[in-house]
Amino acid sequence: MTFIGMVSDYTSFENIKEILKKNEKNDINLIHIGKKSISNIKNIRFETIIIDSILNEFKEEILLIENLCLHAKYIAINTDINTKIPKFIKDSKAHIITYGLNQRATVTISSITESSILIYLQKNLKDIKGKNIEIGEKMVKMSEENRLKTYEVLISYIIFLIESKPIMEQTQEKSNFFEEN
């Protein structure tokens, strides 16, 4: 079982958790890291840490976040809200994946329409199995009933890439959040 820690608001966390559940990713255990919960999870070793909150808001908890990142293999950080990557992340041995709507992000969006998002991987990555994932674009169709926030799409995409999982394994009848084209 893979443990992924997510520093974010609770709504985004729940939406990502639902995406994993709908896509039958039961071997991924997504755990919310918030100000109230961080002291209870300080001893968990996360394979991946996703940072989708402003780290400056975690002044008292930053040492705990730093410790969690120290042991992670992957750190995904939203560089639209954390414009400067903290030194402890840069100095970590983890694979750092930046995401956002900026040109420097590892994973960004090329275009958005009503029914799809074109995600652009701007830098080669290695997944958890050591397989090289090459630069390229993927069209992700959005289902009408399940509109997601842009960052939730990027986070979900990163999780599927890292975990070497097909993005969609279900059919529309099973009510996907999005489907790969």
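The values are calculated or read from the model by the stated rules, or taken from the named source; none is laboratory data. The model shown is predicted, which means the values in this text are computed figures rather than measured ones. FYI the Cβ positions are ideal-geometry reconstructions off the backbone, even for glycines, and counts take in every protein chain you see.
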Item to check | Residue satisfying all of: in the range 41-85; loosely packed, with under 14 Cβ neighbours inside 10 Å and touching a strand residue (DSSP E or B) at 6+ places or on another chain (Cβ under 8 Å); modelled with the highest pLDDT among these | outcome: ARG45
Checklist outcome for this item: Apart from one, (1) modelled with pLDDT of 95 or more; (2) on the phi < 0 side of the Ramachandran plot all hold for GLY100; the odd one out is (2)
Checklist outcome for this item: Listed by first then second residue, the pairs whose first member lies in the range 1-19 and is free of Cβ contacts under 8 Å to residues at least 24 places away in the same chain, whose partner is assigned to a strand (DSSP E or B), with beta carbons under 8 Å and at least 6 positions apart or on separate chains, are PHE13/MET6; PHE13/LEU30; PHE13/HIS32; LYS17/LEU30
Checklist outcome for this item: Within the range 116-139, residues surrounded by fewer than 11 Cβ atoms within 10 Å (Cβ to Cβ) and touching a strand residue (DSSP E or B) at 6+ places or on another chain (Cβ under 9 Å) come out as ASN132, GLU134, GLY136
Item to check | Filtered residues of the range 30-40 (kept if closer than 23 Å to VAL153 by Cβ and either in contact with a helix residue (DSSP H, G or I) (Cβ under 8 Å, 6 or more places away or on another chain) or outside any strand (DSSP E or B) (or both)) | outcome: LEU30, HIS32, ILE33, GLY34
Checklist outcome for this item: Across (1) farther than 19 Å from TYR157 by Cα; (2) of a type in the set (D, E, K, R); (3) out of contact with any strand residue (DSSP E or B) (no Cβ under 8 Å at 6 or more places or on another chain), LYS90 clears everything bar (3)
Checklist entry - Taking the range 4-27 on its own, how many of its residues are crowded, with 16+ Cβ neighbours inside 10 Å and assigned to a loop (DSSP other than H, G, I, E, B)? => result 3
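Out of all the residues in the range 11-28, is one or more in contact with a His (Cβ under 6 Å, 6 or more places away or on another chain) and of a type in the set (Phe, Trp, Tyr)? Reasoning before the result, please.
Step one: list which residues in the range 11-28 are in contact with a His (Cβ under 6 Å, 6 or more places away or on another chain), which gives 13.
Among the residues that remain, those that are also of a type in the set (Phe, Trp, Tyr) are: 13.
Yes, some residue in the range 11-28 is in contact with a His (Cβ under 6 Å, 6 or more places away or on another chain) and of a type in the set (Phe, Trp, Tyr).
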Item to check | Selection count where residues are surrounded by fewer than 20 Cβ atoms within 10 Å (Cβ to Cβ), under 26 Å from ASP9 (Cβ atoms) and modelled with pLDDT under 80, scope the range 146-179 | outcome: 6
